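This report concerns only the one structure given below.
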Amino acid sequence: MHTAPARWDIFCAVVDNYGDIGVTWRLARQLVAEHGQQVRLWVDEPAALAHLWPAANPHLEQQVLAGVDVWRWDAQAEQAEPPDVVIEAFACELPAAYVARMAAQPRPPLWLNLEYLSAEDWVEGCHGLPSPQAGLKKHFFFPGFTAKTGGLLREQGLMAAQAGFDRRAFLQTLNVPLAQLEQALLVSLFAYADAPLASLLAAWQVDSAPVIALLPAGRLVPLAAQALGVEQLAVGDVLTRGALTLVVLPFLPQDDYDQLLWSCDLNFVRGEDSFVRAQWAAAPLLWHIYRQADDAHLDKLNAFLDRYVSGLAAEQAALVRQVQLAWNQQTDMRQRWPELRNSLPVLQKHHAAWRAGLMAQEDAALKLMHFYATWL
Ligand code: TRH
């Protein structure tokens, strides 16, 4: 393994939402903290980073955060000296002058395109492939769920941190009604605005046991207010309707969001990064996948489910698939909820086994380090 610290540039264009910066920020931090690398992160919207990392100042051109040299990606990047490794996240296009400078180096850097996560089979065949570009080779790094892919981001100390985590103390800081905690099902709720939220909240209101739903600030909050018949909901509000208690949380710093996932009995997650983080929590997950043209996202969802439900009894595997498809296809959640609720103990055990299988694989940052060492 190559030991001298290498210099990395990671480029992130914020397309929408928080996934692009969520993934690149996590990767940048991990390369610094665990592998002692020198990392520059170029982000075109530093304000998006400030949501995940409140110490970030969105107005600065450059700042050092968690050991990462964070730069606003503007004209400056054209002039930057290329380092040893260049990561272009999610096919964001690098400045032409910068690419020309890469090509002009006596020893050009390793150029990687970090791709979106997919559980589809073809990923194994494409991971690591080079493509000739501008006189250089760009390699495609595909994260994934199997040993032949680029793996998933997972810090080395993650499980130890989770084991030593004080759930009650954390939940207390979020204004969660602790008195109900023992009997209630605790759920975190992060999804896109087209999720069939009203039907889910309706199912929880008439549930056989209490449900505490933790909803971070975002586009779902006004929809929840509408569904529950109140004019508006604000951060800090706690609203009870039947068996449901809804707690509106602030949008949490990224590390606190992890702790939220660790705290819950069921996690509704979306996109890419929260979805990956839910793999590391103890509770089962429900994924709202990022919508794509021609329903391509449904193939991706099914590819994940093929892996995720493997090993479950046929009946429960079918239930998980139906519920996941319902959530992603705007189908009423009331029909399947009682069955899902009853299956949660089994699904929790299953999720633990799934997580153990993933934990046995190398994480994505380590795989990147290996990729670089091999390329050298
Ligand atoms: O925000 P997203 O919908 O991002 C999406 C996806 O990545 C999608 O694949 C991509 O194409 C699109 O962006 C452009 O969901 P995701 O990926 O889960 O990212 C959310 C980030 O926000 C993640 O790092 C977790 C973080 N987060 C917090 O830090 N605090 C919070 O309270 C919440 C709810 C999320």
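The values are calculated or read from the model by the stated rules, or taken from the named source; none is laboratory data. Predicted model, so just to flag it, every value in this text is computed and none were measured. Heads up, the Cβs are rebuilt from the backbone with ideal geometry, glycines too, and the neighbour counts pull from every protein chain shown. SASA here: full protein model, heavy atoms, side chains in, ligands and nucleic acids out. Shrake-Rupley method; radii C 1.70, N 1.55, O 1.52, S 1.80 Å.
Give me a count of the residues in the range 269-321 that are under 22 Å from residue 339 (Cα atoms) and within 10 Å of the ligand (Cβ to nearest atom).
Qualifying residue count, the range 269-321: 4.
What do you reckon, is residue 119 on the phi < 0 side of the Ramachandran plot, over 24 Å from the mean Cα position of the chain (by Cα) and either surrounded by fewer than 21 Cβ atoms within 10 Å (Cβ to Cβ) or outside any strand (DSSP E or B) (or both)? Step through it out loud before you land on a result.
On the way: on the phi < 0 side of the Ramachandran plot: yes; over 24 Å from the mean Cα position of the chain (by Cα): no; either surrounded by fewer than 21 Cβ atoms within 10 Å (Cβ to Cβ) or outside any strand (DSSP E or B) (or both): yes.
So residue 119 does not fit the description; no.
Only one of (1) under 22 Å from the mean Cα position of the chain (by Cα); (2) surrounded by fewer than 21 Cβ atoms within 10 Å (Cβ to Cβ) is not met by residue 243, so which one is it?
Tallying (1) under 22 Å from the mean Cα position of the chain (by Cα); (2) surrounded by fewer than 21 Cβ atoms within 10 Å (Cβ to Cβ), residue 243 fails exactly one: (1).
Can you find, within the range 3-22, the residue that is surrounded by the most Cβ atoms within 10 Å (Cβ to Cβ) among those that are under 17 Å from the mean Cα position of the chain (by Cα) and either small (Gly, Ala, Ser) or more than 13 Å from the ligand (Cβ to nearest atom) (or both)?
Restricting to residues being under 17 Å from the mean Cα position of the chain (by Cα) and either small (Gly, Ala, Ser) or more than 13 Å from the ligand (Cβ to nearest atom) (or both), the top hit is 22.
Return a yes/no flag: does the range 292-303 have any residue that is in the same structural domain as residue 216 (by TED's automatic domain parsing), within 20 Å of residue 204 (Cβ to Cβ), open to solvent by less than 20 Å² (accessible area, probe 1.4 Å) and modelled with pLDDT of 95 or more.
No, that holds for no residue.
For residue 248, which of the numbered conditions (1) without any contact (Cβ under 8 Å) to a residue 40 or more places away in the chain; (2) open to solvent by less than 40 Å² (accessible area, probe 1.4 Å); (3) away from the ligand (no atom under 16 Å from the Cβ) fails to hold?
(3)
Here are some residues: 181, 239, 233. Which one is more than 12 Å from the ligand (Cβ to nearest atom) and modelled with pLDDT under 95?
Values: 239 fails: modelled with pLDDT under 95; 233 fails: modelled with pLDDT under 95.
Going through 181, 239, 233 in turn, the sole match is 181.
What are the pairs with Cβ atoms under 8 angstrom where one residue, in the range 288-301, is closer than 15 Å to residue 272 by Cα and the other, located anywhere, is within 12 Å of the ligand (Cβ to nearest atom) and open to solvent by 80 Å² or more (accessible area, probe 1.4 Å)? Sequence gap at least six, or different chains.
297/290; 297/291
Of 42, 25, which residue is buried (at least 21 other Cβ atoms within 10 Å of the Cβ), more than 16 Å from the ligand (Cβ to nearest atom) and under 20 Å from the mean Cα position of the chain (by Cα)?
42
Within the range 220-233, is even one residue in the same structural domain as residue 177 (by TED's automatic domain parsing), within 27 Å of the chain's Cα centre (by Cα) and at positive phi?
Checked against the condition, which is being in the same structural domain as residue 177 (by TED's automatic domain parsing), within 27 Å of the chain's Cα centre (by Cα) and at positive phi, the range 220-233 yields no hits at all.
Tell me, please, whether a residue that is in contact with a Ser or Thr (Cβ under 8 Å, 6 or more places away or on another chain), open to solvent by 50 Å² or more (accessible area, probe 1.4 Å) and either of a type outside the set (Asp, Glu) or in contact (Cβ under 8 Å) with a residue 60 or more places away in the chain (or both) can be found in the range 337-348. Give the derivation first.
Residues of the range 337-348 that are in contact with a Ser or Thr (Cβ under 8 Å, 6 or more places away or on another chain), as a first pass: 338, 341.
Add one more test, that the residue is open to solvent by 50 Å² or more (accessible area, probe 1.4 Å), and what stays is 338.
From what's left, either of a type outside the set (Asp, Glu) or in contact (Cβ under 8 Å) with a residue 60 or more places away in the chain (or both): 338.
The answer is yes, given that some residue of the range 337-348 is in contact with a Ser or Thr (Cβ under 8 Å, 6 or more places away or on another chain), open to solvent by 50 Å² or more (accessible area, probe 1.4 Å) and either of a type outside the set (Asp, Glu) or in contact (Cβ under 8 Å) with a residue 60 or more places away in the chain (or both).
Conditions (1) buried (at least 16 other Cβ atoms within 10 Å of the Cβ); (2) of a type in the set (Lys, Arg), marked per residue:
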{"residue": "67", "(1), (2)": "no, no"}
{"residue": "72", "(1), (2)": "yes, yes"}
{"residue": "81", "(1), (2)": "no, no"}
{"residue": "90", "(1), (2)": "yes, no"}
{"residue": "96", "(1), (2)": "no, no"}
{"residue": "101", "(1), (2)": "yes, yes"}
{"residue": "109", "(1), (2)": "yes, no"}
{"residue": "115", "(1), (2)": "yes, no"}
{"residue": "124", "(1), (2)": "no, no"}
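Go through the range 91-108 and give me each residue that's closer than 21 Å to residue 369 by Cβ and either assigned to a strand (DSSP E or B) or touching a residue at least 60 places away in the same chain (Cβ under 8 Å) (or both).
Correct list: empty.
I'd like to check something: does the range 103-110 contain any residue that is at pLDDT 95 or above and touching an Asp or Glu at 6+ places or on another chain (Cβ under 8 Å)?
Yes, that holds for at least one residue.
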